1. Pick out the one residue from K105, K101 that is at pLDDT 90 or above and farther than 21 Å from F43 by Cβ.
2. Report, ordered by the first and then the second residue, all pairs with beta carbons closer than 8 Å, sequence separation of six or more or different chains, a first member in the range 110-126 that is closer than 14 Å to I93 by Cα, and a second member that is part of a loop (DSSP other than H, G, I, E, B) and at pLDDT below 90.
3. Of all residues being touching a strand residue (DSSP E or B) at 6+ places or on another chain (Cβ under 8 Å) and not in a loop (DSSP other than H, G, I, E, B) in the range 55-86, which is surrounded by the fewest Cβ atoms within 10 Å (Cβ to Cβ)? Just the residue, please.
4. Within the set of pairs 6+ apart or on separate chains, which have a first residue in the range 62-90 that is more than 24 Å from Q41 (Cβ to Cβ), a second that is among the polar types (S, T, N, Q) and outside any loop (DSSP other than H, G, I, E, B), and C-beta atoms under 7 Å apart?
5. Just checking, does the range 87-98 include any residue being of a type in the set (D, E, K, R), in a loop (DSSP other than H, G, I, E, B) and at pLDDT 95 or above?
Amino acid sequence: MRMSQAGVQPPTAPPAQVAQVAPPAPSDWSVRPPEREKYSQLFDSLQPVNGLIPGNKVKGVLLESKLPLQTLGKIWDLADQDKDGMLDRHEFIVAMHLVYKALEKHAVPTTLPPELRAKPPRPPSRPPSRPPSRPPSRP
């Protein structure tokens, strides 16, 4: 039986228990191209060395969000996928995306959604190794 919703305001955010048990659908975690560009520019402004930004530099940016330290700790743990204490461009984009989602009242996921995981590094492209070609030997 369905009751009329007229005049009833929906809650501004789902209860914390529900948000923690049921994370947003995977598409909710995708980083849109304009967001990716914005986060990428911020990454460059932090002057990465060899494509990495140390945790102490990222910390200042994360603290500006005013999110609770516990939330920022979870975000760091998810974003620093190789656990080296530094963020590469992709990891930084993930961290910033999670920060903005948390500011929009989304619960930080307990595990990183697949669309935010780093793609495994590709091996250098080289032709498959095979023995040098020689004409067949004749008796």
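The values are calculated or read from the model by the stated rules, or taken from the named source; none is laboratory data. No experiment lies behind these values; they were computed from the predicted model shown. With ideal geometry, Cβ positions are generated from the backbone for all residues, glycine too; neighbour counts draw on all protein chains shown.
1. K105
2. Qualifying pairs under 8 Å: P113/P23; E115/S30.
3. G55
4. Partner pairs satisfying both residue conditions: none exist.
5. yes
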